[in-house]
Amino acid sequence: MTAGQALPARSRLSAKVLFIDPIRMAPSLLLPLAGVLVAGGFSPRSFGFAALGVAGSVVFAVLRWATFTYAVVGDRLELTRALVSRSVRTIPLERIRGVDVSTPALHRLLGLAVLKLDTGAGGDKQEGELNGVTVAEAERLRAVLLARRAAPSEPEPVEAAPVVRERYLIRVPRAWLRYGPLSGAYLLTPFALVAGAIGLLFQWGEEFGLTGRDAWALAEWLWERPQLLAAVLVVLVVLMPLAGGVMYAVFNWNFTLRTRDGYLVAERGLVNRRAVSLERRRIRGYELAESPPERAFGLVRMWAVVTGLGDSQTRGQLLPVAPKAEALKVAAEAVGPFDAPLRPHPPVARRRRLFRAVAPWLAVAAVALVMGWGVLAVVALALAAVGVPLGLDRYRSLGHAYDGARLSVRSGSLRRTQATVERRAVVGWTIRETWFQRRAGVVTVIAGVGAGSGGYSALDVGARQGVEFAAEVTPEWVAPFME
Amino acid sequence: MTLWFLHGMLEFLALAGGMALLSLWIGGWSWVPDWLAARPWLLPLVTTVLVLPTVIAEPLIRFRVHRWELSGDVVYARSGWLSREWVFVPVGRIQTVDKAQGWLERLLRLATVEIRTASYAGSSTIKCLDYRVAAELAEELSRRAQELRDDAT
């Protein structure tokens, strides 16, 4: 492939991004501007300075736009920035593991998109970003980048519109949005909003001559009126599921998952429409997570375990909160089927789970009784009582299985997670045995996986059982060492 | 093994020293019970009595537990003393092999081999090898890893 064979030698971002940049910079400009105006006493001169500042930022945006170019040269993507210092970032196409196209609200109005390249380098700095290409261009770039990635040896010119084999795995029905509040995600939104508002107030308060003393006075004033405080709290709590549901709907509107040329494309969002492409070759498995309310309704969250993908829980998301049967069907299609029953762990594990859930609170209660703190003792005893079903459930959750191609481990109660990863993804085993575990005759087997969270552990398997599990998955590694 | 012993000794000395220092000040503090304030030398003594057995036992146990083996292109390492850990790493999945020497290790002509894979759970360190053995192992591992290398993830 020669340079610039398919693409125009150098492309710029869409000029429409110029409308967005100043608006995006506005908040950071606002304060200095206000400062100048206040300090200058609204004289013509200070207005002049303010105008100069605005003009300066616009010119800066234009310059930045004019000097930023990108091009696909041979088998590399080059991002060139030549404003003051010249920098060229070269990303080999074969390093691009996924393309993430999102359209924030402003971009959407103007028909623009943000293209993020996932290179598996880790760290935001190293990943390429094209902020403000037209949607059509984004689609085209994605097709070009991913097509070359998928078939680097094919000699055919890329411009001959790549045949897109697309198939929808699932279009999430609107009705599923009602599961949102159950997931507990975004439930804290109202609090976050209030906290954010208070933070802003403090920041801007300084500019408007409010001091810490005023804030104290306000706090004291509020403190003397507990009814008001309680009312605010109640309103916030009532708002929790509502706001949570709304936020959830906004983020997960019209979730679709489709396959396309060796990629999985997950698209979601109402305002900011986001499309994440995951290379199928790099998907090693999937994780399911459930909280108790979700379990009561048979719902799960699901995300893919992908090598070289940071933040896999949001970026690798395969489905929003969804009924488990459907989720498993999608997982089977997108990643691969798994249907071996989980093997339970030895009864000793139940004792250990129970002990862990109950003993610390009992200890606290004992100390509290000795010291004569009645309330604390009661609270600790209550928590210890809650620990009993929790511990039992934790034990019930424990399990591991292997079906010949994939292994699966499950643990946790308040957040029960089940990870299913392919056998070939395992890069090593760690078997850990604490002193207490040795007394109980159990071990923790951790399968090291170069993806997702790095390691998935089967807690408290029987010593024999654990080694056999590892040996079953990768007999050629472990068997020689079995004593 | 000598290294662990030295390590343990150093830590122990630091701890006992710290306690001794503490005992000098302790008389002046009001919240300390009277019986302790009257006998500040108790503190370092108790520390010594409690810690010394472990200082002696730990290296002995570690020496018995720590093992490593390279066979059939799988590295196997066992470590720990109270809790134990077995690590199996196939050579084909190794990404980097480090060989490192701390100042104590240099004194004793020992070295540590660190084996890293794409996952933290598949990475292991083999401590306190004879320097020559460590060098050979690191050399051998990196050579084999090069030959067997697949995607390693």
| Computed lengthening from A:R171 to A:A363, 0.36 nm per intervening residue step minus Cα-Cα distance | 64.0 nm
| request: Pull up the cross-link candidates among the lysines for B:K127, meaning alpha carbon to alpha carbon under 29 Å and not fewer than 8 places away within one chain. | output: B:K99
| query | In peptide B:71-77, what is the residue-averaged number of other protein chain Cβ atoms found within 10 Å of each Cβ? | reply | 4
| field | Kirkwood hydrodynamic radius of region A:386-438, Cα pairs, Å | value | 12.9
| Difference of contour (0.36 nm per residue) and Cα-Cα distance, B:R116 to B:W103 | 2.4 nm
| said: Please rank A:D100, A:D214, fewest neighbouring Cβ atoms within 10 Å first, as an exposure proxy. | reply: A:D214, A:D100
| request: Starting from the Cα of B:Y131, step 7 Å along the direction of its Cβ; do the same at A:F297; then give the gap between the two resulting points in nm. | output: 6.6
| query | Using a Förster distance of 30 Å, how high is the FRET efficiency between A:I198 and A:E129, based on the Cβ-Cβ distance and rounded to 0.05? | reply | 0.40
| query | Of the listed peptides A:408-416, B:83-91, B:136-144, what is their order by residue-averaged count of other C-beta atoms within 10 Å, with the highest listed first? | reply | B:83-91, A:408-416, B:136-144
| remark: Gyration tensor (Cα only) of region A:256-334 to equivalent ellipsoid, semi-axes in Å sorted down, yields 21, 14, 12
| Full-stretch length increase - A:E472, A:R438 - with 0.36 nm per residue and alpha-carbon distance subtracted | 10.0 nm
| query | Under a point-charge model restricted to the Cβ atoms of Lys and Arg (+1) and Asp and Glu (-1), what is the dipole moment magnitude of region A:347-481 relative to its Cα centre, in debye to the nearest 20? | reply | 300
| said: What is the ratio of the Cα radius of gyration of region A:359-409 to 2.2 N^0.38 Å, with N the residue count, to two decimals? | reply: 1.81
| Averaged over all directions, how much area does the convex hull of the C-alpha atoms of region A:391-472 cover when projected, in nm²? | 5.4
| Amide H contacts under 5 Å for A:G441, placed H, 5+ residues apart | none
| field | Nearest-20 debye value, region A:256-334 charge dipole, Cβ charges on Lys, Arg, Asp, Glu | value | 180
| task | Evaluate E = 1/(1 + (r/R0)^6) for A:V59 and A:L414, where r is the Cβ-Cβ distance and R0 equals 45 Å; express this FRET efficiency to the nearest 0.05. | result | 0.25
| said: Order these by the 10 Å Cβ neighbour count, fewest first: A:D118, A:D403, A:D339. | reply: A:D339, A:D403, A:D118
| Ranked list, fewest to most other Cβ atoms within 10 Å of each Cβ, for A:H400, B:H66 | B:H66, A:H400
| task | For region B:66-148, report the convex hull volume of the alpha-carbon atoms normalised per residue, in Å³, without decimals. | result | 87
| field | In range of the label at B:L70: residues from region B:82-101 whose backbone nitrogen is under 12 Å from the point 7 Å along Cα→Cβ | value | B:91-92, B:97-99
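Bear in mind that the values in this text are calculations on the coordinates, not laboratory data. None of these values were measured; they are calculated from a predicted model. When we count neighbours, we look across all protein chains shown, and the Cβ atoms used for this are built from the backbone with ideal geometry, even at glycine.
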